[in-house]
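Visitor: One structure follows; several queries about it will come next.
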Amino acid sequence: VSLLMCLLIFRAPEFFGANINLALTPPLMVLLAARYGMTAATLGTALIVVLNIYSTQQGFRLFDHANGGSFIALDLFLLSLALVGQFVAALFAECQQTEKALEASRSWLNEAQRIAGVGSWSRDLRTNRLEWSDEIFRIHEVDPQSSIASAAVFLNVIHPEDRAMADKAYLDSVANHKPYTLIHRLRFPDGHIKYVQESCETLYDS
């Protein structure tokens, strides 16, 4: 990526007398920082500086038209560019750490639910999206690899004699903004029965 960036910088054409390389460098450096981190941003900046020193010794000055050949101006430009790259890289690294912490929390929650035999599910009333925890799939004996969480799958596992009761409790909770708790049965294809206690609370924003 750094080599491609340098190639674009050195070979960039002019646009109305101004070198396009000045416009190309910041977004490319930010992209490098966001994608590969602070080390890559630093190495990319250092590579540009080294190539500029070498090209200056060969009689070609980078950004010559844009800054009148001022080496100090170029150094200041690269310094500001490096600071921007480091800032973006730091934000990106913080985001990655947050994602890792969230994934670790989910893993601990799934393990705790497995040990306790308690699952959880959520349903977005705006998008109708339903999500099950791993333990909900185990309780309902549904393969998460071959099935997706859906109301149809959920109701299909409930004992036929209890489906109307469970469905009414859920719909009443949505309509009246009140939680509910009930015990109902699950019936599976081989005929065995499970008793489960289900508690539900519907939450609303402003």
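Visitor: Can you find even one residue in the stretch 114-121 that is of a type outside the set (Phe, Trp, Tyr), open to solvent by less than 50 Å² (accessible area, probe 1.4 Å) and touching a residue at least 24 places away in the same chain (Cβ under 8 Å)?
Guide: No, the stretch 114-121 contains no residue that is of a type outside the set (Phe, Trp, Tyr), open to solvent by less than 50 Å² (accessible area, probe 1.4 Å) and touching a residue at least 24 places away in the same chain (Cβ under 8 Å).
Visitor: Can you tell me which of 128, 110 is more than 19 Å from residue 195 (Cα to Cα), open to solvent by 70 Å² or more (accessible area, probe 1.4 Å) and either of a type outside the set (Gly, Ala, Ser) or in contact with an Asp or Glu (Cβ under 9 Å, 6 or more places away or on another chain) (or both)?
Guide: Exactly one of 128, 110 is more than 19 Å from residue 195 (Cα to Cα), open to solvent by 70 Å² or more (accessible area, probe 1.4 Å) and either of a type outside the set (Gly, Ala, Ser) or in contact with an Asp or Glu (Cβ under 9 Å, 6 or more places away or on another chain) (or both), namely 128.
Visitor: Next question, about the same structure. Can you tell me which residues in the stretch 162-206 are touching a residue at least 12 places away in the same chain (Cβ under 8 Å) and of a type in the set (Gly, Ala, Ser)?
Guide: 166, 169, 173, 199
Visitor: Please find, among 166, 149, the residue that is over 32 Å from the mean Cα position of the chain (by Cα) and on the phi < 0 side of the Ramachandran plot.
Guide: Values: 149 fails: over 32 Å from the mean Cα position of the chain (by Cα).
That would be 166, the only listed residue that is over 32 Å from the mean Cα position of the chain (by Cα) and on the phi < 0 side of the Ramachandran plot.
Visitor: Could you please find all residues in the stretch 131-143 being open to solvent by 80 Å² or more (accessible area, probe 1.4 Å) and assigned to a loop (DSSP other than H, G, I, E, B)?
Guide: Across the stretch 131-143, the qualifying residue is only 141.
Visitor: If you go through the stretch 149-206, how many residues are assigned to a strand (DSSP E or B) and either open to solvent by 40 Å² or more (accessible area, probe 1.4 Å) or touching a Gly at 6+ places or on another chain (Cβ under 6 Å) (or both)?
Guide: 9
Visitor: While we're looking at this one, here's another question. Could you check residue 146 against (1) within 26 Å of residue 107 (Cα to Cα); (2) polar (S, T, N, Q); (3) surrounded by 12 or more Cβ atoms within 10 Å (Cβ to Cβ) and say which number it fails?
Guide: Condition not satisfied by residue 146: (3).
Visitor: Please pick out the residue among 153, 196, 174 that is out of contact with any helix residue (DSSP H, G or I) (no Cβ under 9 Å at 6 or more places or on another chain) and closer than 17 Å to residue 139 by Cβ.
Guide: Working: 196 fails: out of contact with any helix residue (DSSP H, G or I) (no Cβ under 9 Å at 6 or more places or on another chain); 174 fails: closer than 17 Å to residue 139 by Cβ.
Checking each option against the conditions leaves just 153.
The values are calculated or read from the model by the stated rules, or taken from the named source; none is laboratory data. Please read these numbers as outputs of a predicted model, since none were measured by experiment. Neighbour counts are summed over all protein chains in view; Cβ atoms, including those assigned to glycine, are modelled from backbone coordinates with ideal geometry. Heavy atoms of the whole protein, side chains included, go into the accessibility calculation; ligands, DNA and RNA do not. Shrake-Rupley method; radii C 1.70, N 1.55, O 1.52, S 1.80 Å.
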